[in-house]
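Engineer: Sharing a structure, written as structure tokens. Questions coming.
The values are calculated or read from the model by the stated rules, or taken from the named source; none is laboratory data. Predicted model, so just to flag it, every value in this text is computed and none were measured. Every residue, glycine as well, gets a Cβ built from its backbone with ideal geometry; the counts of neighbours run over all protein chains shown.
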Amino acid sequence: MLIILLGPPGAGKGTQAERMTRDFELTYISTGDILRSAVKDNNELGRKARQYMDQGRLVPDDLVVDIVKARLMDEDGKKGALFDGFPRTVEQAVFLEKALPDLGAEINRVFSIEVEESELIERLTGRRVCSDCGTSYHLKFNPPKVRNVCDQCGGDLYQRDDDSLETVQERLKVYKKQTEPLIDFYRTRDLLSPIDGNQDIEGVYKQISSVLSDL
Ligand code: ADP
Ligand code: ADP
Ligand code: ZN
């Protein structure tokens, strides 16, 4: 079983993924988290990826594809996988489509979370993330119980470098140009479930979980 979360930055992919992995047997695979941890470790991948991420641009396909290959080979195959933030270009989607038969896997559903642009900007600039476990919070819409402390693990919250207004605007542009075409890509393959992301977190999750329960 393979599920993909598609949607612009700030749509709520990570927030929904947290609930999906809590309730369904899915291994979470976020290329953004993997890249950020490589940057933190300052390893070869991190050194290559950093410049792109800081500018709000996409990391080159070959680097991202290598990450996903390694990650998929690690899987025990019993559980399903939940992709957040991958694929993000048509090239990545074509790679995945070609790689799946060898892995004995297929894509079961692609959720496209749709949110208005002004709301995305507010969500991203008010986002705070746990430095230990990656859980997303929002100053206004989803604050932690104790200020700046993660509810899940007690870690410190921080603001991502790329959540500044300027970089957010660039990321939204990049999304429109390079990632949005994937909506049609998956629609023509009959895999797309559009989700109205302009609702509160639990409202969005209700829509997603009802589709997932029927798979
Ligand atoms: P993505 O992974 O798509 O970039 P996140 O899940 O990190 O998005 O959510 C972006 C920000 O918006 C976070 O601060 C999160 O707490 C907040 N958020 C997520 N879903 C909603 C929602 N339905 N309504 C309001 N705020 C939300
Ligand atoms: P968000 O959902 O908030 O946009 P992510 O955590 O998914 O953020 O991604 C952060 C950054 O990591 C992106 O702006 C991009 O530079 C890089 N990145 C993540 N996933 C990919 C991908 N599949 N292809 C290329 N770059 C990626
Ligand atoms: Zn945490």
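Engineer: Of all residues being part of a loop (DSSP other than H, G, I, E, B) and among the charged types (D, E, K, R) in the stretch 156-192, which is farthest from ligand 3 (Cβ to nearest atom)? Just the residue, please. Spell out the reasoning first.
Structural biologist: To start, the set of residues in the stretch 156-192 that are part of a loop (DSSP other than H, G, I, E, B) comprises 159-160, 164, 180, 188-191.
Filter once more, keeping what is among the charged types (D, E, K, R): 160, 180, 189-190.
Values: R160: 14, E180: 31, R189: 36, D190: 37 Å.
Result: D190.
Engineer: Also, I was wondering about something else. If a residue has to be in a loop (DSSP other than H, G, I, E, B) and more than 17 Å from P8 (Cα to Cα) to count, how many in the stretch 124-155 make the cut?
Structural biologist: Here is the first cut: in the stretch 124-155, the residues in a loop (DSSP other than H, G, I, E, B) are 126, 131-135, 139-141, 143-148, 150-155.
The next check asks that each one be more than 17 Å from P8 (Cα to Cα); those that pass are 131-135, 139-141, 143-148, 150-155.
Within the stretch 124-155, residues that are in a loop (DSSP other than H, G, I, E, B) and more than 17 Å from P8 (Cα to Cα) number 20.
Engineer: If you don't mind, there's one more thing I want to ask. Can you pull out the residues in the stretch 55-89 that are β-branched (V, I, T) and under 23 Å from M1 (Cβ atoms)? Reasoning before the result, please.
Structural biologist: First pass over the stretch 55-89, keeping only residues β-branched (V, I, T): 59, 64-65, 67-68, 89.
Answer for the stretch 55-89, where residues must be β-branched (V, I, T) and under 23 Å from M1 (Cβ atoms): V64, V65, I67, V68.
Engineer: Return yes or no: is A81 surrounded by 17 or more Cβ atoms within 10 Å (Cβ to Cβ), assigned to a strand (DSSP E or B) and aliphatic (A, V, I, L, M)?
Structural biologist: When the stated conditions are applied, A81 passes them.
Engineer: Let me ask something else. So in the stretch 110-133, with the set limited to residues that are farther than 16 Å from T167 by Cα and of a type in the set (D, E, K, R), which one is modelled with the lowest pLDDT?
Structural biologist: Taking the stretch 110-133 as the starting set, the residues that turn out to be farther than 16 Å from T167 by Cα are 110-116, 129-133.
Now restrict to residues that are of a type in the set (D, E, K, R): 114, 116, 132.
Details: E114: 97, E116: 96, D132: 91.
Ranking the candidates gives D132 first.
Engineer: Can you run down the residue pairs with Cβ atoms below 9 Å, 6 or more apart or on separate chains, where the first is in the stretch 112-126 and under 20 Å from P194 (Cα atoms) and the partner is within 11 Å of ligand 1 (Cβ to nearest atom) and polar (S, T, N, Q)?
Structural biologist: From residues that are under 20 Å from P194 (Cα atoms), the pairs are I113/Q16; E114/N198; V115/N198; E116/N198; E119/N198.
Engineer: Could you tell me which residue of the stretch 1-53 is nearest to ligand 1 (Cβ to nearest atom), considering only residues that are among the polar types (S, T, N, Q), within 24 Å of F141 (Cα to Cα) and part of a helix (DSSP H, G or I)? Steps first, answer last, please.
Structural biologist: Applying the first criterion (among the polar types (S, T, N, Q)) to the stretch 1-53 yields 15-16, 21, 27, 30-31, 37, 42-43, 51.
When the remaining residues are screened for being within 24 Å of F141 (Cα to Cα), the result is 15-16, 21, 30.
Those still in the list that are part of a helix (DSSP H, G or I) too: 15-16, 21.
Details: T15: 3, Q16: 7, T21: 13 Å.
This residue is T15.
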